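This report refers to the structure that appears directly beneath it.
The values are calculated or read from the model by the stated rules, or taken from the named source; none is laboratory data. Only a predicted model underlies this, so the values are computations on that prediction, with no experimental measurement involved. Cβ: placed from backbone, ideal geometry, glycine included. Neighbour counts: every protein chain shown. Remember, those area values only see protein heavy atoms, side chains included, never the ligands or the DNA or RNA. Shrake-Rupley method; radii C 1.70, N 1.55, O 1.52, S 1.80 Å.
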Amino acid sequence: MKNKVLESRLSDEVMDFITSRKTLLLSSLKEDGTPYASYAPFAIGQDCLYLLISEIAVHATNLRANPKASVLIIEDEDSCGEIFARLRVNYSVHAENIAVDSEAWKLGIDTLAARHGSRINNLSQLADFKLFKLQPQGGRYVKDFGRAYTLAGTTLAGEVIDHMRDGHKPRAVA
C-alpha cells in the first residue's frame, strides 16, 4: 500500500511540475537520422502534450517524417537549487499530426488557446501551422541526486513509477 501512496504522490508532483512550465525542449530526428533539438510552447491534454508549430520549422518537418521524438521539461536554471540536479521530466513520445478538419484539431487548439491565449487562434488560421499530439511512451522524472524515477506507460504521470536505485557509483581507484 505504501508504494501506491508514493506513486500517487509522485504522479501528482509530475503533473504539478509540467503544469508549471509553458515550454518544452524537443528532440526530433532529421531525415538522415541526425538529432535536432528545439523548443516549443505546449499544452497538456488528456495524457498527451499538444504543440502548434509551423512546417517552416525543422522540428515540424522532422515530426511529420518520423513520429519518434524526445521531450524535456526542465526547471529554470535561475531558480534551481543545484545546477547539476535540476528538476526535470523527459518522455519518449510518438507524435501524431492532427488533421485540421477533425474534432481532435478543435480539442488541441482549444487546449492550447486556454493555456497560451488568443495568439493560438491566430496561428491556427495559418496554413503552415500544424498541430501535433505527443503521446508519451515512457519517461523519467528526476527530483535530485539519487531521486530519479522511471515513468512507465503512455500517460504523463506514469502508469507505474519505479525508483531508480542503481545510480551513481564511485570510480575505481587504480
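For the stretch 13-167, pairs of C-alpha atoms spaced more than 19 angstrom apart make up 54 percent of the total.
For an R0 of 25 angstrom, estimate the FRET efficiency from the Cβ-Cβ distance between Glu96 and Val160 and round to the nearest 0.05. Calculated transfer efficiency: 0.60. The length gained by stretching the chain between Ser54 and Thr150 to full extension, at 0.36 nm per residue less their Cα-Cα distance, is 31.4 nm. For the chain, take the longest principal axis of its alpha carbons; what is the angle in degrees between that and the long axis of helix 103-116, to the nearest 10 within 0 to 90? With both axes taken from Cα atoms, the answer is about 70 degrees. Rounded to the nearest 20 debye, the dipole magnitude of the stretch 67-154 is 220 debye, with +1 charges on Lys and Arg beta carbons, -1 on Asp and Glu beta carbons, and the Cα centre as origin. Taking all Cα pairs closer than 8 Å and separated by 6 or more residues, the relative contact order of the stretch 34-174 comes to 25 percent. Stretching the chain fully between Asn66 and Trp105 yields a gain of 12.0 nm (0.36 nm per residue, less the alpha carbon separation). With a 1.4 Å probe rolled over the protein heavy atoms of all chains, the accessible area of Phe129, Phe84 falls in the order Phe84, Phe129, largest first. Give the distance, in whole Å, between the Cα centre of the stretch 84-108 and the Cα centre of the stretch 118-148. Computed from Cα coordinates, the inter-centre distance equals 4 Å. Put a plus charge on the Cβ of each Lys and Arg, a minus charge on the Cβ of each Asp and Glu, and nothing anywhere else: the dipole of the chain about its Cα centre is then about 380 debye. Overall, the stretch 1-101 carries a charge dipole of about 220 debye about its Cα centre when +1 sits on the Cβ of Lys and Arg and -1 on the Cβ of Asp and Glu, all other atoms neutral. The solvent-accessible area of Ile98, taken with every protein chain present and a 1.4 Å probe, is close to 10 Å². Starting from the stretch 30-118, pick out the GluC sites (Glu not before Pro) whose DSSP state is loop and whose Cβ has at most 11 other Cβ atoms within 10 Å. Answer in residue order: Glu31, Glu77, Glu82. Projecting the Cα atoms of Cys48, Met15, Leu126 onto the charge dipole of the chain, computed from C-beta unit charges around the Cα centre, puts Met15 farthest toward the positive end. Looking at the square roots a ≥ b ≥ c of the eigenvalues of the Cα gyration tensor of the stretch 84-123, which shape do they give, rounded for a/c under 1.5, prolate if a/b is larger than b/c, or oblate? Taking the square roots of the gyration eigenvalues as a ≥ b ≥ c, the stretch 84-123 is oblate. Place a point 7 Å from Cα of Ser79 in the direction of its Cβ. Which residues in the stretch 85-118 have their backbone N less than 15 Å from it? Only 86-89 pass the distance filter.
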